[in-house]
Amino acid sequence: MSEDIRYCTIIGSGPAGYTAAIYAARANLKPLLYTGKEPGGQLMITTEVENYPGYPDGRTGPEMMMDFQKQAERFDTEIVSEMITKVDFSGPVHILTTETGKVIKTHTVVISTGASAKWLGLDSEQKLMNNGVSACAVCDGFFFRGKDVIVVGAGDTAAEEASYLAKLCPTVHMLVRRDEMRASKIMQKRVLNTPNIKVHWNTETLDILGDTEVTGAKVINNKTKEESTITAEGFFVAIGHKPNTGIFKGWLDMDDLGYLLTTPGTSKTKVPGVFASGDAQDHVYRQAVTAAGTGCMAALDAERYLAAKEIV
Ligand code: NDP
């Protein structure tokens, strides 16, 4: 390896990134991994993970990510706690720039930047952020023990957040904008069978109430157009995610939502030597195990690319 050109640089530290690191390191590519601003990715804000094979008793998301990290470190992955803020894919060697201005030259790049929580976009949501407004029940639920809270959303995340909060809070109001939930059947059942979760169907948020702290929400029933106020001290937004792919705009192909496009059945983007994995390129499955699978694919694709070019 030339002194200053890395074989393989991985951007992101969720299941995809760490899996790519494990495979790349074991293939002797001496990977460099940039963790980004949310080290460990979305699993860091997840409670129990019960569907990752190999963990028959379940594991919390943060524990699982510590395991991933340890395994990557065991094979000498170099892990750096910084963000990549700029990329240049114009040449045969790719150039990445960190938030502190450091420049990395690399033959291959594995993108595993994941996705981040979406927000409703209300001014009051911004104003009361961290003063009652949160996107993470596991991180912030503790502060709302004994208090009523609201959860917005109807997917698995919302169902999981509501179930978690129901163990801490007298009443969890779940605001579902349609007359059905998107969450998996088992999660729906769990929500509907929890007596202190009150599901408000066809209900949307007009405003989050409170001057310095959340006191409730003004909501509307979108069928009857009836407006009402729900009193609560916590407001948890769980309405999905958007891919963290902004820095790749103009360099790589993406769909309307910003998910990276790859050649089907591979991790290849349109730029040779740049591979995409995990939630940054998957809006369909979005599971830890599928992210890990595509991280593995990206590392193997990178290894084969380097071998074909006789770089390694
Ligand atoms: P989803 O995209 O699945 O669901 C988002 C939910 O938010 C939908 O119900 C949507 O409503 C609602 N929503 C979106 N925008 C608004 C809005 N402006 N106002 C009100 N409601 C809104 O996201 P999730 O984060 O829940 O899940 C993402 C993926 O991760 C899924 O594949 C899920 O299965 C998976 N997951 C798995 C878990 C597990 O297995 N333990 C845990 C958590 C997530 P509508 O339905 O009307 O569009």
Fill in the blank from the handout: Taking region 278-312 and the residues there that are in a helix (DSSP H, G or I) and β-branched (Val, Ile, Thr), the one that is farthest from the ligand (Cβ to nearest atom) would be Thr294
Fill in the blank from the handout: Restricting region 137-159 to residues that are open to solvent by 60 Å² or more (accessible area, probe 1.4 Å) and within 16 Å of the ligand (Cβ to nearest atom), the one farthest from Pro62 (Cα to Cα) turns out to be Asp156
Practice task
Tally the residues that are among the basic types (Lys, Arg) and farther than 15 Å from Cys136 by Cβ, restricting the search to region 25-58.
Solution key: 2
Handout entry: Among residues of region 246-272, those that are assigned to a loop (DSSP other than H, G, I, E, B), more than 16 Å from the ligand (Cβ to nearest atom) and either out of contact with any strand residue (DSSP E or B) (no Cβ under 7 Å at 6 or more places or on another chain) or closer than 29 Å to Glu204 by Cα (or both), counted
Key = 10
Exercise for the section: Pairs only if they're at least six apart or on different chains, beta carbon under 6 angstrom, first in region 64-85 and of a type in the set (Ser, Thr, Tyr) and open to solvent by less than 30 Å² (accessible area, probe 1.4 Å), second assigned to a strand (DSSP E or B) and modelled with pLDDT of 95 or more; list them, first residue then second. Expected result: Thr77/Leu33
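Identify, from the list Gly146, Gly141, the residue that is in a loop (DSSP other than H, G, I, E, B) and of a type outside the set (S, T, N, Q). Steps first, answer last, please.
Numbers: Gly141 fails: in a loop (DSSP other than H, G, I, E, B).
One residue alone meets the criteria, Gly146.
How many of the residues in region 107-126 are touching a strand residue (DSSP E or B) at 6+ places or on another chain (Cβ under 9 Å), farther than 26 Å from Ser13 by Cβ and at pLDDT 95 or above?
Going residue by residue through region 107-126, those that are touching a strand residue (DSSP E or B) at 6+ places or on another chain (Cβ under 9 Å) are 107-120, 122-126.
Filter again for farther than 26 Å from Ser13 by Cβ, leaving 120, 122-126.
Still in the running and at pLDDT 95 or above: 120, 122-125.
Looking only at that region, the number is 5.
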Problem - Near pairs, Cβ below 8 angstrom, 6+ apart or cross-chain, from region 291-305 (farther than 11 Å from Lys268 by Cα) to any residue that is among the acidic types (Asp, Glu) and part of a helix (DSSP H, G or I) - result: Ala291/Asp279
Completion exercise
The residue from Met129, Met181 that alone is within 16 Å of Val237 (Cα to Cα) and more than 15 Å from the ligand (Cβ to nearest atom) is Met129
Practice task
Select from region 164-173 the residues that are open to solvent by 10 Å² or more (accessible area, probe 1.4 Å) and closer than 17 Å to Trp201 by Cα and write down the one among them that is nearest to the ligand (Cβ to nearest atom).
Solution key: His173
Practice task
Determine if region 85-95 includes at least one residue that is more than 16 Å from the ligand (Cβ to nearest atom), assigned to a helix (DSSP H, G or I) and of a type in the set (Phe, Trp, Tyr).
Solution key: no
Exercise for the section: Would you be able to say whether some residue in region 76-92 is touching a Phe, Trp or Tyr at 6+ places or on another chain (Cβ under 8 Å), among the aromatic types (Phe, Trp, Tyr) and modelled with pLDDT of 95 or more? Expected result: yes
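Filter region 41-58 for residues that are surrounded by 14 or more Cβ atoms within 10 Å (Cβ to Cβ) and within 12 Å of the ligand (Cβ to nearest atom) and give the result.
Gln42, Leu43, Ile45, Thr46, Thr47, Glu48, Val49, Tyr52
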Exercise for the section: Quickly run through region 158-176 and pick out the residues that are in contact with a strand residue (DSSP E or B) (Cβ under 8 Å, 6 or more places away or on another chain) and of a type outside the set (A, V, I, L, M). Expected result: Glu161, Ser163, Cys169, Thr171, His173
Completion exercise
Within region 194-242, the count of residues that are in contact (Cβ under 8 Å) with a residue 40 or more places away in the chain and either within 12 Å of the ligand (Cβ to nearest atom) or under 29 Å from Arg286 (Cβ atoms) (or both) comes to 16
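The values are calculated or read from the model by the stated rules, or taken from the named source; none is laboratory data. All of these numbers come straight from a predicted model, not from anything done at the bench. Note: ideal-geometry Cβ built from the backbone for every residue, glycine included; neighbour counts use all protein chains shown. These accessible areas exclude ligands, DNA and RNA; they are computed on the full protein's heavy atoms, side chains included. Shrake-Rupley method; radii C 1.70, N 1.55, O 1.52, S 1.80 Å.
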